[in-house]
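Notes for the one structure printed next.
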Amino acid sequence: MTTDLETRLSAHFAEVATRLTLPETTLDEVLADDSRTPSPSAGRAPGTGPTAPFRWAAVAAAGLLVVGALAVVARRGDESDGVAVDRPPELLATVDEITPDEWVIAGPLPSGVVYMYALGVAGEASGDRSVRYGNERASGTFERMRISLDDGPVPIVAEAVDIAGTEWMVDAPTSGQWTATRTLGATNVTISDSGPFDDEARRIVAGLVVVPVQELPHEPLGGSASAVDVATFDLDGVVQSFAVQESNGYWCTWVRSAEGESGGCGSALDDSAVVTVDGGFSEVADGADTAEVVRAGTVSADSARVELEFGDGTVVEATPTDLSGRFDRTFWIAGAVVRADGRSVVEVRSFDADGVLLGVARPPFE
């Protein structure tokens, strides 16, 4: 997984700039220039690409300056056989379609905004994919900006806005959150952010970059199929598994069995927490007075036993483990058939090997 994307982008922009003799200009000047001619190409087969130069802004990471006007660069490869050997990042404004294994990420970011995680499964033609960015604060990182790829409808209240020669449908209320959508073939690229749709917002949109999945800063979080089992137990003859996937400190967690699964993605694991509750389900059959309840979570590495207490007084135990051997923390999963009116979990306790209580988790569980 490539982690030096910023370096590669800077090198890519510098390489293109050396081919041109145009003077430096600020991004504001380029954004005000609508003279860029759209690409005549209908697609981007491997090893091919547009050949005519475009007026475009390559936003430098420092100072937000444009290094001349960029030309569209074809994927580098052996021209004799058309096989792409390496595929550099491409500015979104220079492409006409996005393939199922490509993503759109932000170029230069506003101060205090950081990459969080990507979500989706590469290669699925109809699969939604998104990249999340957040404001970094002392109390944690909170999602602020999202770049999504999908095939859904474009907001009908949006207004057509030209940004550096490409048309975006922008929904920008006077306050709150703005959304900008550009359609490429069957794919909508939508970026949303908080605040007004001002010059900074236009810079963000102008600097969007298309990359293959291998060039994402971190491996994307995906569906249940991308998760690995870390703990299991048997409930009435059915094996229940706790499965997780981690990327850049963010997690997908799933409780699954042959009968179904439940879970989700995007939570940040608190490494300082001694015990957490991160997934599970509760099922009550029609007319039944009992419920089948399963819960799962994590514990610190020194935990040797977990107790799960229900509202009806039932207490069950689990032994923490990491069946994958990939993580610094260990995981637990436990459950029981309990009274339907007492199926809520009231407390989860973690103990070390000597029986010393290490920590307690109580509702509400995040």
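Readers should treat all values here as calculations from the given coordinates under stated rules, not as data from a laboratory. Predicted, not measured: the structure shown is a model, and the values here were computed from it. Heads up, the Cβs are rebuilt from the backbone with ideal geometry, glycines too, and the neighbour counts pull from every protein chain shown.
Quick look at the numbers
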read-out	value
Förster radius 56 Å - calculated FRET efficiency between Asp234 and Gln177, Cβ distance, rounded to 0.05	0.75
Cβ-derived FRET efficiency at R0 35 Å, Glu97 paired with Leu323, nearest 0.05	0.25
Interchain or long-range residues, amide H under 5 Å from Ala158's placed H	none
Pair Ile156, Ser344: separation of 7 Å Cα→Cβ label points (nm)	4.2
Rg(Cα)/(2.2 N^0.38 Å) for the range 224-361, N = residue count	1.01
Gain on full stretching of the segment that runs from Arg362 to Thr314 - 0.36 nm per residue minus C-alpha separation	15.7 nm
The range 233-366: relative contact order as a whole-number percent, Cα under 8 Å and 6+ apart	22
Point-to-point label distance, Ser262-Val337, nm (Cα→Cβ direction, 7 Å offset)	1.8
Simple spin-label estimate for Asp271 and Ala186 in nanometres, 7 Å along Cα-Cβ	4.2
Potential extension, Ala225-Phe142 segment - 0.36 nm per residue separation minus Cα distance	27.2 nm
Contour minus Cα-Cα distance for Asn248 and Asp352 (0.36 nm per residue)	34.6 nm
Burial order of peptide ranges 108-121, 239-252 (average beta-carbon count within 10 Å, highest first)	239-252, 108-121
